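Just below is one structure, and these are the notes that go with it.
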Amino acid sequence: MRLHHIITVVFLSLFSLTACDSDKDLTVVEIPVTPYEIDNLWMVGDATAAGWDIDNPVQMEKTDTNVFRYEGTLSEGEFKCPMKPGNWGGPFIMPSVNGVTISRDGAASDEISLMPDGNPDNKWVVTESGNYQIIIDGNKHKIHVICLN
């Protein structure tokens, strides 16, 4: 055995001994997410065909418990999702922070929040007009956006 092999073996042995002394157990704690209970969901805003008409918002299709889908055109502009039409002070599904962008690349953040009285007034901002599929998942508190064109 050559000298550099012996030195390498000795170094690795020393490293292994010191590394074992500092090992720690890692505990992973999963915090369950309480689903948002959503019976119906709409979209309102200048990015939608409804504009800002809270009395006639665009209805999203319910695809599963607390899960809703929209497929269609969105213009450049803003939108948010009321759980009941006709009431600006009612419950909304919104981005967790104001101004989350939606583009052909999807949503800049997938986090959503339930705002029971519509405040704070957070909105998604569509930066590129197009045909989109938007899925709001109240079970996971997520939005998923796909540009269809």
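Read-outs throughout are calculated quantities, based only on the coordinates presented, and are distinct from any laboratory measurement. Given the structure is predicted, the values throughout are model-derived calculations rather than measurements. Please note: Cβ atoms are built from the backbone with ideal geometry, for glycine as well, and neighbour counts cover all protein chains shown.
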*Amide H contacts under 5 Å for Glu76, placed H, 5+ residues apart*: Ser129
*By how many nm would the segment from Ser129 to Thr34 grow when fully extended, if each residue of separation counts as 0.36 nm and the alpha-carbon distance is taken off?*
30.9 nm
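Which of the peptides 29-39, 129-139 is most tightly packed, and how do the rest follow, going by the mean number of other Cβ atoms within 10 Å of each residue? All intermediate terms of the calculation are to be shown ahead of the outcome.
Working: 29-39: 10.3, 129-139: 17.8.
Sorting 29-39, 129-139 by mean packing, highest first, produces 129-139, 29-39.
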*Stretch gain in nm, segment Asp25-Glu76, where the contour uses 0.36 nm per residue and the Cα spacing is subtracted*: 13.4 nm
*Projected label distance in nm at Arg69 and Asn87, using a 7 Å step from Cα toward the beta-carbon*: 2.9
*Can you list the HN-Hα couplings for the stretch 65-73, worked out from phi with the Karplus curve (6.51, -1.76, 1.60; θ = phi - 60°), rounded to whole Hz and with x for Gly and Pro?*
4, 6, 10, 10, 10, 10, 10, x, 7
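Ranked highest first by average number of other Cβ atoms within 10 Å, how do 79-88, 56-65 line up? Before the final figure, lay out each step's value.
Working: 79-88: 18.8, 56-65: 15.0.
Output ranking for 79-88, 56-65: 79-88, 56-65.
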